[in-house]
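Note sheet for the following structure.
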Amino acid sequence: MSGRLVHFPWMHPRLAQGPLPQGLVFLDPGVDLPEQGRWTPPDLPYTHQEVRRLLREYLEFAGRFPRTSDIQAYMTAGLENFYTDTTMDIKSQLVGGAARESDEAGDRLRKAQLFLAMALFREDQFAAMHGEEVRFAKAREGFAQTLGLDEEESFAELGVPDDVLFPRAGLDLPWRSVLLPMLFFLPARTHFYVSDEDVMRELVSLDLQFEPCGHDGHDVVCCTLDPDVIERICGSRLELPSPVKLVARPLNP
């Protein structure tokens, strides 16, 4: 299969699970990150200076809420309703104020870019936490010694699964919400590559039809993202101008 492969759903390279196909890129929503293997979609509505400023202002606004649940009430309604009744009019910043004419398509792209920037920030925080696994593992060994566990016992047997000690992105991050924003910026002949087995298992559980599509010895499966599949993943329909595929390694039985 020819064309660019963009990692999905994670934009942070440290959340990918290898081995990864040659030439795979990670989407940069205009934040201008220094890592190699980054791909910035063409014609993003905001420059990296603008999107970083908006992200910073959003985080400052979020910091005004003493509890996560306070801001969650806004976020559960989605970005469209999040702008309403806030003390800082983020929406006016997203559309550039009265000086910028707000057409529906342009407004949608601006919101999508900022949404992806926020998602990438969240992934960066998760990756930093996940990078502490070595320290967690050493701490677990110390806990095991303190609790008097022998080599045949484990925390899982005591009702403490590894997921509690080692969180996994596919289980702990709301990955479905990035599909539509990513699709808004995907050029023709660009496809998604899923390396996270937890995400792949959830996709399979949605009865998506993955079929073998590898060549030259590459063992991969593909699923075409038609409007029905998109709606099954994220709850919204979208007509695409050209076919987009989800590509992944087959799951182990």
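Once segment 1-30 is narrowed to residues that are of a type in the set (Gly, Ala, Ser) and at pLDDT 90 or above, the residue that is nearest to residue 185 (Cα to Cα) is 30. Checking every residue in segment 171-185 against the condition of being surrounded by fewer than 20 Cβ atoms within 10 Å (Cβ to Cβ) and out of contact with any helix residue (DSSP H, G or I) (no Cβ under 9 Å at 6 or more places or on another chain) gives zero matches. The condition of being part of a helix (DSSP H, G or I) and either at pLDDT 90 or above or within 20 Å of the chain's Cα centre (by Cα) (or both) does not hold for residue 73.
Scanning segment 33-50 for residues that are more than 17 Å from the chain's Cα centre (by Cα) and surrounded by 13 or more Cβ atoms within 10 Å (Cβ to Cβ) returns 44, 45, 46, 48, 50.
The values are calculated or read from the model by the stated rules, or taken from the named source; none is laboratory data. A quick note: this is a predicted structure, and the numbers were derived from the prediction, not measured. With ideal geometry, Cβ positions are generated from the backbone for all residues, glycine too; neighbour counts draw on all protein chains shown.
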